[in-house]
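Report on the following structure.
Where a number appears in this text, it was derived from the coordinates with a stated rule and is not lab data. All figures in this text were calculated on a predicted structure; none of them were measured in a lab. Cβ sites come from the backbone with ideal geometry, for glycine too, and all protein chains shown count toward neighbours.
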C-alpha cells in the first residue's frame, strides 16, 4: 500500500522538525513547502521533498496562485499548517483548496473566534471564563476608552503573533499617543490590563474530534527571552486537569475542532489563571508534547484522513529547552544562576532540545537563522512594546 503524503505548510519553522520526525516514524511521506532555505524545517533530514514558494504572509496572492496550480498537478493527501499565517490561509480558502486535498481547520467564522484575540476575550467575558479586563479600541472611541482603562495596560492588535505590535502604556495620555500608529501598522486593536510578573505561565495543547477531547498536554513556561514578554526558552510538561477542562470548555463554546494551543497567565494578585490567546496551529515547542507521550502530529494526520485515533498515555515531567534563546536569556538575565531547572544542567534523562530531531544541518542552520532574527533591529522593534 502506498504511503500517504502530508504537506507541512510553512515548513521552514522549528516545529516542523518535531512534526516531520513524528510523521515519518508513523509511516507518512513528507513534503515541506517553505519560504526560506536557511531554516530549521527546510534542512530536516525527515522531509522527502522540499519546495520553495512565495511567502504566505508577505505575498499571499502570489502564493495562492502558485499553490492552487501545484495542487492541481501533485497528489497530496493532507496539509498541516506550521504557523498562524498558513492556518489562517487554509481556513479562508477552505472551499477552494478542499477540492484538491484535506486539512483539519475550522471554518473561518469559527476560526476567527479563537484567532482574533479581542473576539476571544469577548467570548470569555460572555461565558465567564477567566481573562484579563479587555476593552475594544477604535479611532472613534479610543480617547474615551483611555479614561476607563486600568493601568498599566497593553495595546494589542487583534490579530498578531509573538507579541508583535504590543505596547505597554501606563497612563491615558500614553494610550492616546501610541494607539493611532499601532492601528495604522497592525490594524484593529484592543487594550488589556497588564498582568504583573510573578505568576506562572502555561500552554495547554488539545485535540478535539467529534466534540470529544482526545488528548491534551500542559506546559509550565519557566524561562523567556526577552524576560518580560518574550518567547519561551525552557518549559516543563505538567499535569493540570483544571486548565485542560477550562480550555476544552472554551473550544466547545466556540465550536472548534482539531488542534488548538492556548496561552494562559497566572495573576499573582489573585492566583487565578487567565486565558490570553489561542494559537490555531502546533507551537514551536510541540516537541515537548511528543516526548511526553502525546503524538499530536500523527493524531492530526490520522484524523484528517479519517483513520482511527489513538489515545496516548501522558508522561509529564519532561523539560524542553530552546538553546538559541536560552543562551540569550543566560547572557542578559540577572537570574542566570538562580533559575530552576538549572541553566548549566544541559543534559539529563528528561531534558530535551527544541532544535534537535532533524539532524545536525537543520539544527545549525536554523539556530543561526533564528539568532539573526532575534538580533534584527526591525524584529526587536516589533516586539519592543513589552519591555
DSSP-defined beta bridges in the chain - what % are antiparallel, rounded to 5: 70
- prompt: Can you give me the Cα centroid spacing of the range 16-35 and the range 89-125 in angstrom?
  reply: 23
Prolate/oblate/rounded label for the range 201-362 (Cα gyration tensor, a/c 1.5): oblate
message: With angles folded into 0 to 90 degrees, how steeply does helix 323-332 sit against the dominant principal axis of the chain? Use alpha carbons for both and round to 10.
response: 20
Computed lengthening from residue 150 to residue 102, 0.36 nm per intervening residue step minus Cα-Cα distance: 12.7 nm
- request: For residue 227 and residue 245, calculate 0.36 nm times their separation in residues minus their Cα-Cα distance, and state this gained length in nm to one decimal.
  value: 3.6 nm
message: Between 0 and 90 degrees, rounded to the nearest ten: what's the tilt of helix 60-73 against the longest Cα principal axis of the chain?
response: 20
- prompt: Taking 0.36 nm per intervening residue step and subtracting the Cα-Cα distance, what contour gain separates residue 372 from residue 252 on full extension?
  reply: 39.2 nm
field: Residue of 315, 259, 111 that the Gaussian network model of the chain assigns the largest fluctuation, springs spanning Cα pairs under 10 Å
entry: 315
field: Per-residue Cβ neighbour rank within 10 angstrom, fewest leading, 329, 343, 127
entry: 127, 343, 329
task: Just grab the label-to-label distance for residue 188 and residue 350, each label 7 Å out from Cα along the Cβ direction, in nm (one decimal).
output: 4.3
- prompt: Say R0 is 30 Å: what FRET efficiency, to the nearest 0.05, do residue 267 and residue 311 get from their beta-carbon distance?
  reply: 0.35
- prompt: Roughly how tilted is helix 172-186, in degrees to the nearest 10 and between 0 and 90, from the longest Cα axis of the chain?
  reply: 20
- prompt: To the nearest 0.05, what FRET efficiency results for residue 61 and residue 336 with a Förster distance of 30 Å applied to their C-beta separation?
  reply: 0.05
statement: When 52, 182 are arranged by how many other beta-carbons sit within 10 Å of their Cβ, fewest first, they go 52, 182
- prompt: Is it possible to state the helix-based mean residue ellipticity at 222 nm for the chain, with each DSSP H run of 4+ residues giving -39500 (n - 2.57), the sum divided by total residues, to the nearest 500 deg cm²/dmol? What is it?
  reply: -10500 deg cm²/dmol
field: Where a label projected 7 Å from the Cα of residue 68 along Cα→Cβ would reach, residues of the range 94-126 with amide N under 11 Å
entry: 96-97
Packing-based exposure ordering (other Cβ within 10 Å, fewest first) of 58, 272: 58, 272
